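Peer 1: Have a look at the structure that comes next, please.
The values are calculated or read from the model by the stated rules, or taken from the named source; none is laboratory data. Note that the structure is a prediction, hence the values are computed from the model and not measured. FYI the Cβ positions are ideal-geometry reconstructions off the backbone, even for glycines, and counts take in every protein chain you see. Note: areas computed on protein heavy atoms with side chains; ligands, DNA, RNA excluded. Shrake-Rupley method; radii C 1.70, N 1.55, O 1.52, S 1.80 Å.
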Amino acid sequence: MDTYLVPRKKSHSLWRLGALTALAFSAAPSTLYAKTALDTPRWAISVNDGHSITLPNGKMATGSTYSPDSAVLIGFHGSQPFIGNGIELPGSVQGPPTMAWVSPNSDWAIVTSGAKAGSAPGAPLVPDTRVSVLSIEHGVPKLIQTVEAGLGPSGVAVSNDQKWALVANRVGGTVSVFKVVNKHLVDEKIIDFGKDSSPTTVEFLPNSQDAVVVLRKRNALALLVREKDGYRTAPNMVSVWPSPNTMDISHASGLIAVAGMDKVAPGVSILRADQTGLHELYRFPVAPGPEPLHFSPDGRILAVGSVNDSNAHPERKGSVSLYHLDEKSATKIAEAPVGHWPQGIIFSPDGHTLIVQNNTDQSLGVYHVEPEALTFERDIPLGVGPSASASAW
């Protein structure tokens, strides 16, 4: 195993043989990735894009051959992850890695698809509109509904009472508001922020029915206030680090983290919400391309990934850094190299294991989290590019 401390400049190879091997899908949509005799009541989910490639100029396009898009459940025996059952459904790497949601007791989930394959190999991807709703019974995901949202549905979240679902439509400039009835999405309404807004991620505040949406092209966050018949936008938006994309909100600490993907000077904004609205506490710089970002279950640690142009340049790899946060500052406590084009980040329920989705490598990198170090343990091959993630905790 390789252990990475801070500061540490030397690069280390991550390529090791995974201890687990994922099984490929067959043509049947209900085919399972793998079976296990052990039942895990709470799940994480990896959404996988099998149709996209990255061209040398960094733009995404349609692959010449590809696997079905899919979602696969990830369980934990203590801190150790294992691959659960999977299902074919639309998924996309175009957009933030927040394009999934899992209920706290893992009995249902929602997956969005920001883009689908074009008409021919090498053709541009086409904005999608599909949103898939899954039931999860005894660790088996089943598609129970497909609905349409706006163009480029990206981040998705469900209210704490599970009565409302919000989908940020990155291309359409809107947020879709759905009522939730018996784990189904109904009566869609639209909050229109305009074509120049690019909503990417939406999350609900802890112990509240209000939500926050990232508006990438406006470099701002908007507060969505719960009303009897839906949601309205609060009048004042809050500026954050330029080119915000991925957001996470800790239900343990109440802190809000937003990754700004400015190409010249990337960074993260830390905020908090109170009865008067959203307030930025501070900002700190991070490594290039901070697309992945996620809090530990206890809210004390923020994991920030760096793409580092590894999606377009095979000679480069990404990285992941851990920061200890308080109300005034962020302190980097560990960092480690990861694979090509890191996407979603998943912590184990106890916070001792970190999983990073490596899209180009079609694998999950598994790391042991120590007080001030990250130890690489193994890669779990998937056979398809993981693109988004969510967990029930």
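Peer 1: Whose amide H sits under 5 Å from the amide H of T353, counting only residues 5 or more places off or on another chain, with H placed in the peptide plane?
Peer 2: Sorted by chain and number, the residues that satisfy this are S348, V369.
Peer 1: Which one of L73, L278, L364 has the biggest mean-square fluctuation once the chain is modelled by GNM with Cα springs under 10 Å?
Peer 2: Of L73, L278, L364, the most mobile in the Gaussian network model is L278.
Peer 1: Could you tell me the ratio Rg/Rh of the range 246-393? Both radii from Cα atoms, Rh via Kirkwood.
Peer 2: With Rg and the Kirkwood Rh in hand, the quotient comes to 0.96.
Peer 1: Anything over 29 Å Cα to Cα? Flag those among K179/K328; K116/K317; K116/K332, in the order listed.
Peer 2: K179/K328; K116/K332
Peer 1: Still on this structure: Work out how much length S329 to N105 would gain on full extension: take 0.36 nm times their residue separation and subtract the Cα-Cα distance, in nm to one decimal.
Peer 2: Additional length available on full extension: 77.3 nm.
Peer 1: At 0.36 nm per residue, and after removing the present C-alpha to C-alpha distance, how many nm does the segment from N57 to H77 gain when stretched out fully?
Peer 2: Contour length minus Cα-Cα distance gives 3.1 nm.
Peer 1: A further question on this structure: Modelled label-to-label distance, E280 and E227, 7 Å Cα→beta-carbon offset: nm?
Peer 2: For the pair E280/E227, the computed spacing is 2.8 nm.
Peer 1: Can I ask one more? Taking amide H positions as placed in the peptide plane 1.01 Å from N, state which residues far from T174 in sequence (5 or more) or on other chains have amide H under 5 Å from it.
Peer 2: Residues meeting the criterion, in which the H sits 1.01 Å from N, are N169, F193.
Peer 1: Using a 1.4 Å probe and ignoring any ligands, DNA or RNA, find the accessible area of K116 and quote it in Å² to the nearest 10.
Peer 2: 80
Peer 1: Find, to one decimal place in angstroms, the Kirkwood hydrodynamic radius of the range 245-310, where the mean of 1/r is taken over every pair of different Cα atoms and then inverted. Walk me through the numbers on the way to the answer.
Peer 2: Values: mean 1/r = 0.0823 Å⁻¹.
Final number for the Kirkwood radius of the range 245-310 is 12.1 Å.
Peer 1: Also: Which three extents, in angstrom, do the Cα atoms of the range 142-244 have along their principal axes, listed largest first?
Peer 2: Reported extents, whole Å, longest axis first: 38, 28, 22.
Peer 1: Which one of N311, N160, N359 has the biggest mean-square fluctuation once the chain is modelled by GNM with Cα springs under 10 Å?
Peer 2: N160
Peer 1: I've got another one for you. Kirkwood Rh, the chain, all Cα pairs: how many Å? Could the numbers behind the result be given before it?
Peer 2: Details: mean 1/r = 0.0488 Å⁻¹.
Mean inverse Cα-Cα distance, inverted, gives 20.5 Å.
Peer 1: Put +1 on the Cβ of every Lys and Arg and -1 on every Asp and Glu Cβ in the chain; which of A287, A61, T98 then has its Cα farthest towards the positive end of the dipole?
Peer 2: Among A287, A61, T98, the one farthest towards the positive end of the dipole of the chain is A61.
Peer 1: Under unit Cβ charges (Lys, Arg +1; Asp, Glu -1), what dipole magnitude, rounded to 20 debye, does the chain have relative to its Cα centre?
Peer 2: 540
Peer 1: Over its Cα atoms, what ratio of radius of gyration to 2.2 N^0.38 Å does the range 60-136 give?
Peer 2: Numbers: Rg = 14.4 Å, N = 77, 2.2 N^0.38 = 11.5 Å.
So the Cα radius of gyration is 1.26 times the expected 2.2 N^0.38 Å.
Peer 1: Express in nm, to one decimal, how much length is gained between D161 and D192 on full extension, taking 0.36 nm for each residue of separation and deducting their alpha carbon distance.
Peer 2: Gain on stretching D161 to D192: 8.7 nm.
Peer 1: Can you send over the carbon and sulfur percentage of the accessible area for the range 167-292, probe radius 1.4 Å, protein chains only? Mind dumping the intermediate values first?
Peer 2: Numbers: 2590 of 5310 Å².
Ligands and nucleic acids excluded, carbon and sulfur reach 49 percent.
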